Amino acid sequence: MSSKVCKNCGCSDIDVDQARGDAVCMGCGSVLEDNIIVSEVEFVESGGGGSLAVGQFVSAEAGAKHPSFGDAHLSGMGKESRAQTLQRAKQHINTLGHQLQMNQHCLDTAFNFYKMALARHLTRGRKASHVIAACLYMVCRTEGTPHMLLDLSDLLQVNVYVLGKTFLVLARELCINAPAIDPCLYIPRFTQLLEFGEKNHEVSMTAMRLVQRMKRDWMHTGRRPSGLCGAALLVAARMHDFCRTVKEVVGVVKVCESTLRKRLNEFEETPTSQLTIEEFMRVDLDQECDPPCFTAGLKKKKAHQLEMELKKKMDDVEDEIHNYQDEIDAELQSSRPKLRGVYASYAKEGMEQNLGELTLERRGPTLASILGTMPSAATLGLSESISSCIGDEKENGDDKEIKIKTALWMAENSDYLKEQKEKEAKIAKEKELGIYKEKKPRGPSKRRPQIRASTADEAIEKMLEQKKISSKINYDVLKDLNVKPGASPARKAESPKTPSTATKLAGRNNKPARAPLSLSTPLSTLGKRLVDSYVNPYLIMLAPAQTPPPSANSC
């Protein structure tokens, strides 16, 4: 009997077949369930005699896995990309962790952080090495191991600020509150690197005591631990008679020298710095100092207030002086008697003279009156004057400079001088043989006189007389362009005497003379002739064709 009840007839006799995956009512025959997927777990026997579960378990984070083939040498085949990514990340985490000497618990925690980042898609757009380093540093912060982000940066050869940015993103998205770093964690590590020998433990304990005092004085909050560790180690080394320079400490703690000096100056302003070594080891002060940034802000604010007060007082004093000066000038002007006539001019001259004397008195004695007579070369026992000595030195210096510059110029232009000597030798040899041709010196270019003409036609004629543009132009025809009709017979009579340039042009064309236009001429040929005469007006102007006698059909 089953606990299920049929919805149709209400019968409780239900036959459940696990092999087929269905449930059937025995009363009415209706199928209540029909499941192809079977929820039972089955086991089969392997070839080695062991039992294996049929099917695979699918996690909530991953999708369906591909079936494996069962062979050990094919274990990598059939895996999805997510499994391969996790496998590579685990190998990388183990490699970095072993280099930093981290235990297995820290490595497993870092791998879990990486899986959380992968599930939230925080690895997209970021390098896998950066995300893995951020996960390892997150473990160092939560577990309190003495490792810095700079150590991971040195291993990966990546900028420390890039790793810090990735770490902040992962901590914010994964909601992990990383605690503040305690500088005391790094003291034993840095002490070991500075090599204090037998007093290694004593120096480290003194440095830890100094760091704890700095933490009570609010020097730790908001600061990197390496700077505080460097300052504490330097002071502790000096307290135990070890001469460690600032450069050596900076090379170990990996901070800037100015940062280390700033931490020392901040510690100097605390009351603890006024104690002796015995008092510091025996007494702990109860009072705490304000943070250095707070005290620096107060000092800056106080200095600004004092500056404003002084400026205000100076302005008030200047205003009072101006007011008093105006009143004094007005009183003096009113109490002074006014002179008229000739006496006024005399009084004005006397006042100017008195003012000049007052200015001379204010200026004081001149420089010549104070120094007196200056010693000469004779009184000092010098045979020659200083100016002559300086002149000789200048001449000697000039001679040396001339020699040096001459040598430099000769060395720089040695090729040019060699070429000039070869040219001179060649010219001398040609002169001896009598084959040398001297170049004619170019005379000054003569300017042509300007063309003066009253009209444009006259200017063109004069220009053509002076210079011919081309030998293929009939210049007589150009001269006849502007001739009146009455004078045309004379020009026609002179036309046979013209040179044969026009006839040569006509011969080059090798075209027969065209018949004159008549009424019987077709319109097509007429248009063609008009186009030819329009396109080639220059040829017509150069060599006018000899027109044949008119035909009988012409008008």
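The condition of being assigned to a helix (DSSP H, G or I), small (Gly, Ala, Ser) and assigned by TED's automatic domain parsing to the domain that holds Met208 does not hold for Ala303.
Checking the stated criteria, His240 turns out to be farther than 25 Å from Gly144 by Cβ and touching a helix residue (DSSP H, G or I) at 6+ places or on another chain (Cβ under 8 Å). Please verify whether region 274-281 includes one or more residues that are assigned to a loop (DSSP other than H, G, I, E, B) and in contact with a Leu (Cβ under 6 Å, 6 or more places away or on another chain). No: region 274-281 contains no residue that is assigned to a loop (DSSP other than H, G, I, E, B) and in contact with a Leu (Cβ under 6 Å, 6 or more places away or on another chain).
Among residues of region 471-488 that are over 19 Å from Glu458 (Cβ atoms) and part of a loop (DSSP other than H, G, I, E, B), those with a beta-carbon under 9 Å from a residue that is at pLDDT below 70 and not aliphatic (A, V, I, L, M) at least six positions away or on a different chain give the pairs Ser471/Thr501; Lys472/Thr501; Lys472/Lys504; Asn474/Thr498; Asn474/Pro499; Asn474/Thr501; Asn474/Pro544.
Looking across region 457-475 at every residue that is within 19 Å of Arg447 (Cα to Cα) and out of contact with any Leu (no Cβ under 8 Å at 6 or more places or on another chain), the one that is modelled with the highest pLDDT is identified as Ala459. Just wondering, is there one or more residues in region 308-324 that are in contact (Cβ under 8 Å) with a residue 12 or more places away in the chain, in a helix (DSSP H, G or I) and hydroxyl-bearing (Ser, Thr, Tyr)? Taking every residue of region 308-324 in turn, none turns out to be in contact (Cβ under 8 Å) with a residue 12 or more places away in the chain, in a helix (DSSP H, G or I) and hydroxyl-bearing (Ser, Thr, Tyr).
Listed by first and then second residue, the pairs linking a residue in region 101-124 that is in the same structural domain as Met138 (by TED's automatic domain parsing) to a residue that is surrounded by fewer than 20 Cβ atoms within 10 Å (Cβ to Cβ) and assigned to a loop (DSSP other than H, G, I, E, B), with Cβ atoms under 6 Å apart and 6 or more places separating them unless they lie on different chains, are Met116/Leu174; Ala117/Thr123; Ala119/Glu61.
When region 173-222 is limited to residues that are among the small types (Gly, Ala, Ser) and assigned to a loop (DSSP other than H, G, I, E, B), the one that is farthest from Val250 (Cα to Cα) turns out to be Ala178. For region 100-109, state whether one or more residues are aliphatic (A, V, I, L, M), modelled with pLDDT of 85 or more, within 39 Å of the chain's Cα centre (by Cα) and part of a loop (DSSP other than H, G, I, E, B). Yes.
If you check Glu266 against the conditions, is it within 17 Å of Pro188 (Cα to Cα), among the acidic types (Asp, Glu), in a helix (DSSP H, G or I) and touching a residue at least 40 places away in the same chain (Cβ under 8 Å)? So Glu266 does not fit the description; no. Please work out if Arg244 is buried (at least 16 other Cβ atoms within 10 Å of the Cβ), part of a loop (DSSP other than H, G, I, E, B) and not assigned by TED's automatic domain parsing to the domain that holds Asp151. So Arg244 passes the test. Quick one: is Thr270 under 18 Å from Asp217 (Cβ atoms) and either under 38 Å from the mean Cα position of the chain (by Cα) or aromatic (Phe, Trp, Tyr) (or both)? Criteria not met by Thr270.
The values are calculated or read from the model by the stated rules, or taken from the named source; none is laboratory data. The structure presented is a predicted model; accordingly, all values stated were derived computationally and were not measured. No Cβ is skipped: glycine too gets one built from the backbone with ideal geometry, and neighbour counts run over all protein chains shown.
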